[in-house]
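The values are calculated or read from the model by the stated rules, or taken from the named source; none is laboratory data. If you're wondering where the values come from, they're calculated on a predicted model, not measured in any experiment. For neighbour counting, all protein chains shown are included, and Cβ atoms are generated from backbone atoms with ideal geometry for every residue, glycine included.
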Amino acid sequence: MSINRAAVLEVLGKITEPDLKNDLVSLNLIETLTIEDKSIHLVVRISNPALHARKRMQEAIEFNLKRVFDQDLNIKCEIKGLDAQSRTARRKILPEVKHIIAVASGKGGVGKSTITANLAGGLAKRGYKVGIVDADIHGPSMPTMFDLVGERPKMTDVDGQSLIAPLVSNGIQILSIGFFTNQDDAVVWRGPMAAKALTQLFTDAHWGELDFLLIDLPPGTSDIHLSLMQTVPLDGVVIVSTPQEVALADARRGIQMFRLDSFKVPIIGIVENMAYFTPAELPENKYYIFGRDGAKNLAQGMQVPFLGSIPLVQGVCEAGDAGRPAVFQQNTPTTLAFDELVSNFESELELIMSQNKQQQ
């Protein structure tokens with residue numbers, strides 16, 4: 001059988017992308033295809049960026065092409081994950097959500113959940129429809145931060161399908177793995193089980209129309225992150241760090257993960273949490289107990305936006321424990337810091353979306 005473009009595409013049209021449930025040609029996943037004598041070079045995009053998924057697809061393509069044409073065929077096959085633009089265009093779930101944003105940190109204990117809660121609150125204050133998925137599987141914080149401990153979501157009927165109805169607090173829709181476990185129980189799940197449970201918070205829930213859905217990711221870089229990014233196309237990510245070097249080192253790794261070719265999720269910016277300590281009795285004083293401008297310098301060095309500095313003050317902790325994020329307080333230094341963070345977040349996200357449109 002002669003090797004030509006039409007014949008090669010006919011073979012590729014019989015290979016199914018396992019996650020998108022259609023063939024490679026119909027999904028327009030063939031990015032490059034060149035044929036010269038008995039050599040074929042092609043670049044194919046798939047939704048799952050994991051190494052094992054790319055390897056399986058490469059083997060399937062090579063097997064089918066050699067079976068139809070020639071076992072001695074020289075095939076150079078590159079398998080890549082969907083880029084951010086393609087993932088968004090192919091969003092199968094949450095089509096009514098305008099922006100899906102992850103909040104991540106390289107290490108635990110840097111206040112990622114606090115930033116998520118207050119960023120969501122700040123956006124809600126500005127009139128946006130906001131939701132939060134608490135994906136921190138081993139340490140869910142949102143039930144406490146929004147005074148929902150002990151609450152259980154109910155089911156709702158949507159077009160004959162029974163879906164989870166997110167709980168609402170301070171005008172924000174929230175789903176957390178903490179709603180389905182007892183507060184004092186340890187969540188001991190293997191990676192695939194955790195990933196499946198988290199996926200259900202997106203696929204089996206009725207979020208409706210939202211301007212923003214924020215995802216409070218677990219700390220670190222793990223298979224849970226991989227599974228989530230495979231399932232949910234992200235429009236951007238916010239990185240949270242403290243100024244100290246041990247946190248900054250992990251933040252660098254987090255940024256590099258999202259920059260991988262298989263992910264390519266835009267970095268909206270870095271937030272420096274616990275930037276300085278200000279005692280209540282000396283509100284004008286700043287004590288840089290974890291170092292000064294560490295995250296700000298990291299942002300500059302890695303050429304990503306710096307979204308703002310959040311002080312370490314007692315009021316932030318008390319507000320979170322009381323179930324009403326500090327951003328809802330009136331005219332406090334902390335509120336002003338969070339309001340500035342929200343403004344910078346809006347500006348940087350708008351810039352990213354504008355750049356994406358120009359590339360289309």
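ILE270 meets all of the listed conditions (1) touching a residue at least 24 places away in the same chain (Cβ under 8 Å); (2) touching a Pro at 6+ places or on another chain (Cβ under 8 Å); (3) not in a strand (DSSP E or B) but one, namely (3). In region 295-309, the residues that are closer than 10 Å to GLU348 by Cβ reach residues that are outside any strand (DSSP E or B) and of a type outside the set (Lys, Arg) with C-beta atoms within less than 6 angstrom, at least six apart or across chains, in these pairs: PRO305/GLU348; PHE306/ALA299; LEU307/LEU341; LEU307/ASN344; LEU307/PHE345. Check region 251-261 and report whether any residue there is closer than 26 Å to LEU175 by Cβ, in the same structural domain as GLY171 (by TED's automatic domain parsing) and among the aliphatic types (A, V, I, L, M). Yes, the conditions are met somewhere in region 251-261.
Out of the residues in region 252-274 meeting the condition of being at pLDDT below 90 and small (Gly, Ala, Ser), tell me which one is nearest to THR116 (Cα to Cα). So the residue we want is GLY254.
Of all residues in region 25-65, exactly one satisfies the criterion of being under 15 Å from ILE75 (Cα atoms), small (Gly, Ala, Ser) and surrounded by 15 or more Cβ atoms within 10 Å (Cβ to Cβ), namely ALA60.
Among the residues making up region 310-324, a single one is surrounded by 20 or more Cβ atoms within 10 Å (Cβ to Cβ) and either of a type in the set (D, E, K, R) or at pLDDT 90 or above (or both): ILE310.
Would a scan of region 313-336 turn up a residue that is closer than 22 Å to GLY108 by Cβ, touching a strand residue (DSSP E or B) at 6+ places or on another chain (Cβ under 7 Å) and of a type outside the set (S, T, N, Q)? No, that holds for no residue.
Within region 1-24, if we keep just the residues that are touching a residue at least 60 places away in the same chain (Cβ under 8 Å) and in a loop (DSSP other than H, G, I, E, B), the residue that is nearest to CYS77 (Cα to Cα) turns out to be ILE3.
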